[in-house]
Amino acid sequence: MESIGINPQLLVAFLINFLILFGLLTAVLYKPILKMLDERQAKIKESLEQAEKIKEQTSRSEEQIKAAIETARKEGQVIIAHASQIADKIKEEAKEGARKEADVIINKAKDEIKLERDKSIADLRSEFANLTVLAAEKVIKESLDSQKHRKLIDDVLEQSKTFKQN
């Protein structure tokens, strides 16, 4: 081989150096790099799995939120309908209370008017009796017994009442 220009001792030395260098690089660099790449691949795979889980959780959460919103909307509609019914009931009760109060006021006013009328009639009778007594005194020119005259006038008024009612 020397004739080709290759020195076998040098070739063996290069081969031994290459094998030592290859063994050192394998032990020192190749295995840690492969280990680091495997760890990185595992982390990436784990991250992808977590991302997929988060995506599934997000879609489930969105469905739950939509369901909760729909439920809340339905409950809100029920509450609004209930409030509307209560408002109508309160309005009706207020109207009924106002009607009753108006009836009470009207009845009270009628009673007061009747009392005033009866009082006015009694006052007119008394005044009429006094005027009649005075007129009779002037006509007769002497004072008659006022109690007898009042009784006579009351009797006449009572009789006139019975005539008016018939």
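The values are calculated or read from the model by the stated rules, or taken from the named source; none is laboratory data. These figures come from a predicted structure and were not determined experimentally. So basically every Cβ, Gly included, is an ideal-geometry build from the backbone, and we count neighbours across all protein chains shown.
Some values worked out for this structure:
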item: Test for Lys148: is it assigned to a helix (DSSP H, G or I), at pLDDT 75 or above and loosely packed, with under 11 Cβ neighbours inside 10 Å; result: no
item: Qualifying residue in the stretch 112-122 (condition: surrounded by 10 or more Cβ atoms within 10 Å (Cβ to Cβ) and over 30 Å from His149 (Cβ atoms)); result: yes
item: Of residues in the stretch 2-51 being on the phi < 0 side of the Ramachandran plot and outside any helix (DSSP H, G or I), the one surrounded by the fewest Cβ atoms within 10 Å (Cβ to Cβ); result: Ile6
item: Residue check for Leu131: surrounded by 11 or more Cβ atoms within 10 Å (Cβ to Cβ), outside any helix (DSSP H, G or I), at negative phi and at pLDDT below 80; result: no
